[in-house]
Amino acid sequence: MQMNLELKSIKLEVIYSNKIEFKINNFEIEHPFSLLIGDNAQGKTKVVQFLMFMASLVGNSPLFINTNAKAIFIFIEDHNPNNLLTYEIDITNENGKNIYKEDIIRNDKQIYSSSNKILINELTGNSIGPIFISPHTPVISTIDNNSDYHSISSINSFFSRIVIISSDKRNEIQILPNQIHPNAIGTNISSVLLSWKEQYPHLFNETISEFKRCFDFIDEIDFSQRIINNSVVKVIFEKEKGHSVPIHISEWSNGMIRILHLLMLPNIPFKRNDEILSPSLILVDEIENGLDYKRLKYIIKFLENYSDDMQIIITSHSPLVCDFIHPKNWIIIKRKGAILNFNSPSKVEENLEEDLELFQRNHWDFYSRHINNSDDYNANENA
């Protein structure tokens, strides 16, 4: 399934209790497969968390309350850079409830404005009025898969299909029946895969085949009944070549569980009427966590192969990750105070291709020169 909207840039100011928490000046996404790279405490996870917040708005279950935020998202549609869709959202707080003001502009035409009470039926071109949408509800959460309001529906679809895997290590296995979406930390992937096996066998088979290619010592993957918390449940297990004893997921290493979770990401199904859609945007925070060098390379190339169909942004602070991704795909993040600044080596470095030879010899020297010690990437606090 080809992507419909592709996120190209974000400008953002977020305030908690009248105190500026962080501000994004110039987050631009030049490639559908991108590496957000920088040192610790630069704000990579804050970017991921804000996109999680936007995804929660579409699901009517916002993660944050008492939040003031003002953001501008610019999308292109169907890979056409001349077809721009701008979504502006201003969130303020009154008496513990969020108030939403939104504007949607397709190219130069206003499609929706909560302040000016404008809503355009894009199928007919006519203005709809009078309109009333509760100020406590974002319009992008109220219109879903409606060709009359294509722009709003497309933004709804984009945010509702964001997939996130956090940097946290799992500390438990959750058996929750009938789920088809893994959670951010992957504790429910056994239940999700069982649902896929029953409802979407092609997705299950594809994921398991990739998992066995990644770990060639695995001979069999299946489910068996176990008693967990006084309940009989089905839990995924693996058998290794030359061994007949099943190893249940609770006994797997953190790395094996995380890799299986990562391999599931592009296959996560989103129901939209009679259609099954792929994710719009996959966010992987600190992809290197729990992965050895060989599997890290495998997973990065695996995800990159899906970037024609969906956007993928991985974050990292490891020079090893840079080893597998061309610098033209890097988004380097630098923080100064509350400001998160972003830049790309292709915009700054005059001899980037020549320096790649240095990178292959000594990626730590390349990383330190081009990321954490380069004044060219420093944030401007007055920007």
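The numbers here are math on the coordinates, done by the rules we state, and not lab data. This is a predicted model, so every value here is computed, not measured. Cβ sites come from the backbone with ideal geometry, for glycine too, and all protein chains shown count toward neighbours.
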**Item:** Computed FRET value (nearest 0.05) for K117 with N178, which takes r as the C-beta separation and R₀ as 41 Å
**Value:** 0.50
**Message:** For the ranges 223-233, 323-333, what's the packing order if you count other beta-carbon atoms within 10 Å of each residue, average per peptide, and put the highest first?
**Reply:** 323-333, 223-233
**Spherically averaged projected area of region 169-271 from its Cα convex hull (nm²)** = 6.4 nm²
**Asked** Where is the GNM fluctuation largest for the chain (alpha-carbon springs, 10 angstrom cutoff): M310, M54, M264?
**Response** M54
**Compactness of the chain, expressed as Rg and Dmax over alpha-carbon positions, Å** = 22.2, 71
**Request:** Per residue, how big is the convex hull around the C-alpha atoms of region 102-163? Give it to me in cubic angstrom, could you?
**Result:** 84 Å³
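Can you compute the helix-only [θ] at 222 nm over the chain? Use -39500 (n - 2.57) per DSSP H run of at least 4 residues, normalise by all residues, nearest 500 deg cm²/dmol.
Working: 10 runs with 97 residues, N = 383.
Helices in the chain give a 222 nm mean residue ellipticity of -7500 deg cm²/dmol.
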**Prompt:** Which of the lysines could be linked to K328 by a straight reach, that is with a Cα gap under 28 Å, when you skip same-chain ones fewer than 8 residues away?
**Reply:** K8, K11, K23, K44, K46, K294, K297, K301, K336, K347
